[in-house]
Amino acid sequence: MAYDPNNIFAKIIRGEAPCFKVYEDNSTIAFLDIMPQAEGHTLVIPKERAETIFDLSPDSAAALITTTQKVAAAVKQVTKSPGILLAQLNGAAAGQSVFHIHFHIIPRSSGIDLNLHARDKADFDKLKSLAAKISATLQ
Ligand code: 5GP
């Protein structure tokens, strides 16, 4: 399948769609998932156009995992979560629903179940406040 330049993450990269941004550098952007599976669920994307991990250049792959590691530490600190789940889905058969590669950073605590994937929108005021805290931790 050819990369769709109108997918929602491509629009976020171009500034054509809003997001609750927590981090940006020359190669990557991280922002909160608006339908979080847990409080603090964050997405990290490369700016390079790539649908799955198989389409990504080695340089973008390196930048993507470096940003994921950095942002995951801030998410863990702000949400005071003992565990962090990283997930990365390739292809509809794997459950991918937005076709621009991304890592999910999902805080985990034992005994707390995850919300369903991409189901319920969170309160945007709460997302805004959380994004500000994560972003401040990364300064
Ligand atoms: P995938 O299923 O492709 O691995 O994950 C896509 C993720 O993007 C889902 O967790 C879903 O909640 C999230 N998502 C879908 N639309 C938007 C959006 O417009 N903004 C943000 N921030 N996240 C979105």
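The values are calculated or read from the model by the stated rules, or taken from the named source; none is laboratory data. The structure displayed is predicted, hence computed values, not measured ones. Cβ atoms come from the backbone with ideal geometry, glycine included; neighbour counts cover every protein chain shown. Ligands, DNA and RNA are excluded from the accessible area calculation, which covers all protein heavy atoms including side chains. Shrake-Rupley method; radii C 1.70, N 1.55, O 1.52, S 1.80 Å.
Things to note:
- None of A62, A93 is out of contact with any Phe, Trp or Tyr (no Cβ under 9 Å at 6 or more places or on another chain), farther than 22 Å from S135 by Cα and outside any loop (DSSP other than H, G, I, E, B) except A93.
- Residue within region 79-101 that is among the hydroxyl-bearing types (S, T, Y) and touching a strand residue (DSSP E or B) at 6+ places or on another chain (Cβ under 9 Å) present: yes
- Residue in region 88-106 that is farthest from the ligand (Cβ to nearest atom), counting only those that are on the phi < 0 side of the Ramachandran plot and surrounded by fewer than 14 Cβ atoms within 10 Å (Cβ to Cβ): A93
- Residue match in region 37-59 (condition: on the phi > 0 side of the Ramachandran plot and surrounded by 15 or more Cβ atoms within 10 Å (Cβ to Cβ)): yes
- Only one of V78, V98, V44, V71 that is at pLDDT 95 or above and assigned to a loop (DSSP other than H, G, I, E, B): V98
- Residue within region 12-34 that is of a type in the set (F, W, Y), over 16 Å from A131 (Cβ atoms) and either more than 13 Å from the chain's Cα centre (by Cα) or part of a loop (DSSP other than H, G, I, E, B) (or both) present: no
- Cβ pairs under 8 Å, 6+ apart, first in region 28-51 and over 15 Å from I65 (Cβ atoms) and within 7 Å of the ligand (Cβ to nearest atom), second aromatic (F, W, Y) and outside any loop (DSSP other than H, G, I, E, B): I34/F124
- Residues (over 13 Å from the mean Cα position of the chain (by Cα) and under 11 Å from I106 (Cα atoms)) located in region 72-81: K76, T79, S81
- Among residues of region 1-27, those that are hydrophobic (A, V, I, L, M, F, W, C), under 14 Å from V98 (Cβ atoms) and within 10 Å of the ligand (Cβ to nearest atom), counted: 5
- Residue check: V78 meets all listed conditions (1) more than 9 Å from the ligand (Cβ to nearest atom); (2) open to solvent by 40 Å² or more (accessible area, probe 1.4 Å) but one, namely (2).
- If the condition is being surrounded by 11 or more Cβ atoms within 10 Å (Cβ to Cβ), among the polar types (S, T, N, Q) and either modelled with pLDDT under 95 or within 16 Å of the ligand (Cβ to nearest atom) (or both), then region 107-139 contributes N115, S129, S135.
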